Amino acid sequence: MSVAQILRDTPKTLFSFELLPPLKGRSIEDIYRAIDPLIEFNPLNINITYHCPETVYEALPDGSFSKRIVRKRPGSVALAAAIKFKYKVNVIPHVLCAGFTKDQIEDMLIDLNFLEMNDILLLRGDAPKGQRYFIPEPGGHAHTVDLVKQVMAMNQGVYFGKATTSVQTHFSAGVAGYPEKHAEAPNMTADLEHLKEKVDAGAEYIITQLFFDNSKYFSFVEQCRAIGITVPIVAGLKPLTLLTDYLQLPQVFHIDMPQDLISALKSCKTNADVKQVGIEWSVEQSKELIKSGVPALHYYTLGVSDNVKKILETVF
Ligand code: FAD
């Protein structure tokens with residue numbers, strides 16, 4: 001059964017979490033160590049992020065620079081498959097527009113289909129570091145809605161640039177939503193319209209960007225429902241772990257932090273203090289969201305799971 005179907009059919013709140021592939025050269029065991037403490041809580045699924053290649057400039061002895069295109073976290077598809085088969089859990093690999101032509105995306109989708117990885121999360125990806133705007137690959141997609149359409153076409157046996165009908169895939173896709181608006185959207189209404197386009201094109205659920213103020217999520221769901229978005233909306237939560245989080249997260253994710261949370265963070269002296277505040281804040285957020293009947297809570301772990309374990313012990 002697809003993750004989307006389970007979300008639709010299950011009355012109680014479920015939970016999922018997201019992991020990053022290991023940095024190049026690190027072991028898959030690092031990932032298993034992050035999963036092991038959480039698996040006993042029966043996650044609905046585990047998401048595996050995808051990371052675009054980055055341009056790296058290296059200084060040469062003659063003072064010039066060499067340019068290399070490097071993938072710092074390769075192996076997303078293989079990692080997703082390894083986790084699925086080791087833990088017998090639903091795994092959702094992320095599939096991006098960024099850095100890919102439509103043909104390359106199709107090839108990745110064929111790999112996923114062969115591996116029977118039918119649950120996928122479709123995303124655009126961000127502009128690379130140092131670049132102000134997202135520029136699609138020549139022959140790639142500018143917006144996720146077009147990626148959703150490509151996937152749905154494959155589900156009908158229509159492959160890119162192929163005249164005859166091919167094997168039908170069985171993908172069930174989710175997409176991202178932004179309770180505090182996507183950074184590039186001119187306003188919330190425009191952003192919600194684009195979100196609705198993704199759902200109308202075939203996306204079966206939404207996972208939200210992380211938020212620290214539940215009222216933003218409640219208002220987002222209300223606005224989605226008002227314009228006819230009826231799919232499950234999974235709530236994205238990030239348990240804080242670092243002293244730098246309160247400066248970095250708002251910048252990177254374009255989100256607000258409630259003043260109460262800032263005050264609690266200001267009294268923290270170490271990362272361990274922040275982790276404790278993060279656990280307490282996430283527990284309160286989770287409890288309120290569960291009470292309101294959210295379909296699922298999605299924890300952005302970034303590979304740290306001892307704190308998520310404590311949260312799950314308290315709220316589930
Ligand atoms: P889109 O839906 O394409 O929207 C991007 C912007 O374009 C929005 O402002 C939207 O309003 C606008 N827009 C959409 N359609 C149109 C249109 N037709 N015309 C004009 N404007 C339009 N990034 C990664 O690199 N790897 C990951 O693994 C990853 N995982 C993520 C998981 C989640 C749950 C979330 C919330 C984000 C994730 N991201 C990831 C980040 C994501 O790639 C960025 O937020 C990206 O900037 C937007 O992706 P999107 O799919 O929402 O894009």
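The values are calculated or read from the model by the stated rules, or taken from the named source; none is laboratory data. As the structure is a prediction and not an experimental result, all values here were calculated from the model. Reconstructed Cβ throughout: ideal geometry from the backbone, glycine too, with neighbour counts over all protein chains shown.
For the reader, a short list of remarks on this structure follows.
- Residue in segment 122-136 that is farthest from Glu54 (Cα to Cα), counting only those that are part of a loop (DSSP other than H, G, I, E, B) and near the ligand (Cβ under 7 Å from one of its atoms): Arg124
- Members of segment 53-81 found to be part of a loop (DSSP other than H, G, I, E, B), at pLDDT 85 or above, closer than 29 Å to Ile28 by Cβ and of a type outside the set (D, E, K, R), listed by number: Pro74, Gly75
- Test: Ala59 is surrounded by fewer than 17 Cβ atoms within 10 Å (Cβ to Cβ) and aliphatic (A, V, I, L, M): yes
- Leading residue by the ranking (surrounded by the most Cβ atoms within 10 Å (Cβ to Cβ)) among those in segment 122-138 that are free of Cβ contacts under 8 Å to residues at least 60 places away in the same chain and in contact with a Cys (Cβ under 7 Å, 6 or more places away or on another chain): Arg124
- Only residues that are surrounded by 18 or more Cβ atoms within 10 Å (Cβ to Cβ) and either near the ligand (Cβ under 8 Å from one of its atoms) or more than 30 Å from Leu261 (Cβ to Cβ) (or both) were counted in segment 183-193, giving 1.
- Within segment 257-316, the residues that satisfy the criterion of being among the small types (Gly, Ala, Ser), over 29 Å from Pro232 (Cα atoms) and touching a helix residue (DSSP H, G or I) at 6+ places or on another chain (Cβ under 8 Å) are Ala264, Ser267.
- Lys162 fulfils the conditions (1) closer than 28 Å to Asn118 by Cα; (2) more than 11 Å from the ligand (Cβ to nearest atom); (3) not in a loop (DSSP other than H, G, I, E, B) except for a single criterion, (3).
- Picking from residues in segment 294-314 that are of a type outside the set (A, V, I, L, M) and part of a helix (DSSP H, G or I), the one that is nearest to the ligand (Cβ to nearest atom) is Asn307.
- In the set (1) part of a loop (DSSP other than H, G, I, E, B); (2) closer than 19 Å to Ala173 by Cβ; (3) hydrophobic (A, V, I, L, M, F, W, C), Ile105 fails one condition alone, (1).
- Candidate set from segment 200-230 (those that are within 11 Å of the ligand (Cβ to nearest atom) and touching a Gly at 6+ places or on another chain (Cβ under 9 Å)); member that is nearest to Asp256 (Cα to Cα): Phe211
- Those residues of segment 90-119 which are more than 19 Å from Pro22 (Cα to Cα) and either under 18 Å from the mean Cα position of the chain (by Cα) or within 12 Å of the ligand (Cβ to nearest atom) (or both), in sequence order: Asn90, Cys97, Ala98, Gly99, Phe100, Ile105, Met108, Leu109, Leu112, Met117, Asn118, Asp119
- Within segment 82-93, being buried (at least 16 other Cβ atoms within 10 Å of the Cβ) and not in a helix (DSSP H, G or I) holds for Val89, Asn90, Val91, Ile92, Pro93.
- Residue check, Arg33 closer than 28 Å to Asn118 by Cβ, crowded, with 16+ Cβ neighbours inside 10 Å and of a type in the set (D, E, K, R): no
- Single residue of segment 275-293 satisfying the filter (aliphatic (A, V, I, L, M) and either more than 21 Å from the chain's Cα centre (by Cα) or closer than 25 Å to Leu243 by Cα (or both)) that is surrounded by the fewest Cβ atoms within 10 Å (Cβ to Cβ): Val283
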